[in-house]
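The values are calculated or read from the model by the stated rules, or taken from the named source; none is laboratory data. Note that this is a predicted model, so its numbers are computed, not measured. Every residue, glycine as well, gets a Cβ built from its backbone with ideal geometry; the counts of neighbours run over all protein chains shown. For accessibility, only protein heavy atoms count, side chains too; no ligands or nucleic acids. Shrake-Rupley method; radii C 1.70, N 1.55, O 1.52, S 1.80 Å.
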Amino acid sequence: MDALQDFNLHLQHELDELEANGLLRSLVLPDSLIDFSSNDYLGFSRSASLTVIEKELRHGATGSRSISGNCKEAEEAEQKVAAFHGYEAALIFNSGYAANVGLFSCIASRGDTFISDEYIHASTIDGMRLSHAHRVKFKHNNLQDLELKLNEAVGTKFVSIESIYSMDGDEAPLVAISSLCKKYNALLIVDEAHALGVFGDKGDGLVCKYNLQDEVLACIYTFGKAAGLHGAAVAGNASMRKFLINKARSFIYSTAMPPPMYEQIKLAYDLLPTASRGKLFELITYFKNQARSLSAIEFLKSDSPIQGVVIGDNLKAKAMAQHLNTNGFFIRAILSPTVPVGKERLRICLHEFNSKQEIDELMSQIKIFLK
Ligand SMILES: Cc1ncc(COP(=O)(O)O)c(C=O)c1O
């Protein structure tokens with residue numbers, strides 16, 4: 001057998017193992033199902049107001065921002081994002097993944113320590129792995145454990161959290177964490193991926209809601225969720241922006257986003273203050289009330305659009321998602337190891353375009369599956 005055949009067998013073996021454990025991922029084409037899955041909380045991805053018909057804008061950036069890919073639209077969008085959230089500056093990356101990998105891989109030096117919530121997103125984990133700093137986790141949203149880890153940490157200390165956790169939908173105790181960071185001279189980095197557009201008076205997120213901009217080193221705002229677009233910004237002071245332009249490899253060594261995308265980001269930020277958050281929160285309250293009638297299963301505690309139904313088993317979670325898909329709902333199962341073993345779940349996302357009737361139908365289908 002030659003090396004190629006041999007390696008193909010190896011790949012197939014790995015895939016078979018994933019399948020046997022119910023962990024094989026596959027891509028599905030979007031269907032006309034009722035969306036209880038996407039991160040498009042405000043329906044912006046469908047909004048005609050974000051359509052950009054600009055004859056003079058290039059289709060592609062033609063290079064990285066540091067070479068030929070910079071444009072005035074990018075810089076305007078960055079200034080708009082920074083001002084909206086009350087920061088001095090912002091730098092736009094091609095995605096939230098690229099932003100976190102870029103930031104975390106370059107911000108700490110050998111001998112420093114990252115202390116991150118155990119549920120932190122994979123993009124942050126990957127960024128930290130690329131750095132030479134120590135990495136420790138603290139128990140999810142647990143202030144005592146964070147304090148313990150802050151006490152033990154060496155070098156410059158960086159605390160990394162999400163304001164709303166992507167898989168559980170719960171909120172970090174931001175104000176208390178910020179105070180602890182102050183007490184231990186640690187630098188706080190907040191990923192606002194799932195808070196942007198949803199929380200804060202203008203949809204400006206939780207750091208703004210609690211007026212903590214001066215207490216955090218950097219905030220990550222991703223545009224692929226409530227903003228309905230693509231890309232992400234790291235907001236902070238002007239030195240942070242300059243530093244990332246010089247050190248963040250995912251920024252330096254990648255073709256920039258196409259110019260029309262920056263125009264769309266500007267439009268999305270114009271829309272954010274008046275988006276229909278009221279309707280979204282009404283649906284969240286309605287969903288939670290309906291969920292109480294389903295005492296047989298565990299719903300995760302969350303006041304955000306991300307609601308979790310814990311099934312506790314990969315195969316059962318997949319079967320339940322399949323049942324809901326067959327009955328018209330677009331919902332995906334989230335399996336271990338993405339979530340801890342025993343916490344396998346359905347991740348249900350609510351949107352301002354959903355209706356109470358859709359929630360009622362969803363609950364009845366969950367009941368039918370459980371029977
Ligand atoms: C908390 C968090 N940070 C970062 C990302 C990555 O963002 P993007 O999808 O723009 O790469 C995600 C996406 O799932 C996320 O949930």
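Points worth noting:
- The charge dipole of region 51-151, taken about its Cα centre with unit charges on the Cβ atoms of Lys, Arg (+1), Asp and Glu (-1) only, comes to about 300 debye.
- Extension gain from residue 327 to residue 214, taking 0.36 nm per residue of separation minus the Cα-Cα distance: 35.9 nm
- Calculated [θ] (222 nm, deg cm²/dmol) that DSSP helices of n ≥ 4 give over the chain, each run adding -39,500 (n - 2.57): -12000 deg cm²/dmol
- Area of residue 281 that stays accessible when all protein chains are in place (1.4 Å probe, Å², to 10): 60 Å²
- Cut-off 19 Å (backbone N to label point 7 Å along Cα→Cβ of residue 136), residues of region 144-176: 144-162
- If R0 is 25 Å, the Cβ-Cβ spacing of residue 67 and residue 274 corresponds to a FRET efficiency of close to 0.10.
- Cα→Cβ-extended label distance, 7 Å offset, between residue 357 and residue 110, nm: 6.5 nm
- FRET efficiency, residue 367 to residue 26 (Cβ-Cβ, R0 25 Å, nearest 0.05): 0.35
- Accessible surface of the chain, 1.4 Å probe, proportion on carbon and sulfur as whole %: 52 percent
- For residue 80, the accessible area of its heavy atoms, probed at 1.4 Å with every protein chain present, is near 70 square angstrom.
- Accessible area per residue for region 100-248 is 38 Å², calculated with a 1.4 Å probe on protein heavy atoms, without ligands, DNA or RNA.
- Straightening the chain between residue 33 and residue 7 buys 5.5 nm, computed as 0.36 nm per residue apart minus the Cα-Cα spacing.
- About the Cα centre, charge dipole magnitude for the chain (Lys/Arg +1, Asp/Glu -1 at Cβ), debye: 440 debye
- Distant-in-sequence amide H partners of residue 343 (H built 1.01 Å from N, under 5 Å): none
- For residue 14 and residue 76, the FRET efficiency from 1/(1 + (r/R0)^6), where r spans their Cβ atoms and R0 equals 30 Å, is about 0.05.
- Radius of gyration over Kirkwood radius for region 47-116, both on Cα atoms: the Rg/Rh ratio is 1.06.
- Interatomic Cα distance distribution for region 166-206, bins of 10 angstrom, percent: 27, 47, 25, 1
- Under the simplified labelling scheme, the residue 183-residue 285 pair shows an inter-label distance of 3.5 nm, with each label point 7 Å from Cα along Cα→Cβ.
- For region 255-319, the equivalent ellipsoid derived from the alpha-carbon gyration tensor has semi-axes of 35, 20, 7 Å in decreasing order.
- Distance histogram for the chain (every C-alpha pair counted, 20 angstrom bins, percent rounded to whole numbers): 27, 56, 16, 0
- Evaluated on region 52-273, the Kirkwood hydrodynamic radius is 17.4 Å, with distances taken between all distinct Cα atoms.
- Cα centroid of region 279-305 to Cα centroid of region 307-322, whole Å: 17 Å
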